[in-house]
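As structure tokens, the structure follows; a few thoughts come after it.
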Amino acid sequence: GDGYMICLGDQPNIKTPTYDVLLDAFSSNPAAIVLPFYQGEKGNPVILPKFFRADILAHEEPEGCKRIVQANKDLVIQVDVDDPGVLQDIDTKTDYERQVNPA
């Protein structure tokens, strides 16, 4: 099925296999909203079915597609991934240094 994977530009640590796992889940459920979870915490990227195209293009919130997800909880599939990168974002030089050289 066709859909949209919303990837955030400040999350460079997501592993390639994580994208594959999410795409596989969406391919099996093309009318679902697919969300990655790491240790019980929701992350990104999210995959939305193609019928949300107008909603995606119309949204203006800085929180990405959170409103679409919250309004369609019945369509959500949670995919557990072994990748902390789905939670990590880099907004500052300190964030970058902490993630490149973790203590």
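Before moving on, here are some points about what is shown:
- Coil-residue GluC sites (Glu not before Pro) of segment 1-86, DSSP, other Cβ within 10 Å capped at 14: Glu60, Glu63
- Of all accessible heavy-atom area on segment 1-54, the percent that carbon and sulfur account for (1.4 Å): 51 percent
- Solvent exposure of the chain, expressed per residue, is 64 Å² of accessible area, with all protein chains present and a 1.4 angstrom probe.
- For the chain, the dipole from Cβ point charges (+1 on Lys and Arg, -1 on Asp and Glu) about the Cα centre works out to 180 debye, to the nearest 20.
- Val21 contributes about 70 Å² of solvent-accessible surface, heavy atoms of the protein only, 1.4 Å probe.
- Distance in nm between pseudo-label sites at Leu23 and Ile6 (7 Å out along the Cβ direction from Cα): 2.1 nm
- Label-zone membership for segment 68-89, site Asp55, 7 angstrom Cα→C-beta point, backbone N under 13 Å: 68-77
- Taking all Cα pairs closer than 8 Å and separated by 6 or more residues, the relative contact order of the chain comes to 37 percent.
- Segment 10-103: trypsin sites (Lys or Arg not before Pro) in DSSP loop, at most 14 other beta carbons within 10 Å: Lys15
- Counted charge near Gly9, where neighbours are those whose Cβ lies closer than 12 Å (Asp, Glu -1; Lys, Arg +1): -3
The values are calculated or read from the model by the stated rules, or taken from the named source; none is laboratory data. Predicted, not measured: the structure shown is a model, and the values here were computed from it. All Cβ positions, even for glycine, are placed from backbone atoms using ideal geometry, and neighbour counts span all protein chains on display. The protein model used for the area step is the full one, side chains on, heavy atoms only, and it has no ligands, DNA or RNA in it. Shrake-Rupley method; radii C 1.70, N 1.55, O 1.52, S 1.80 Å.
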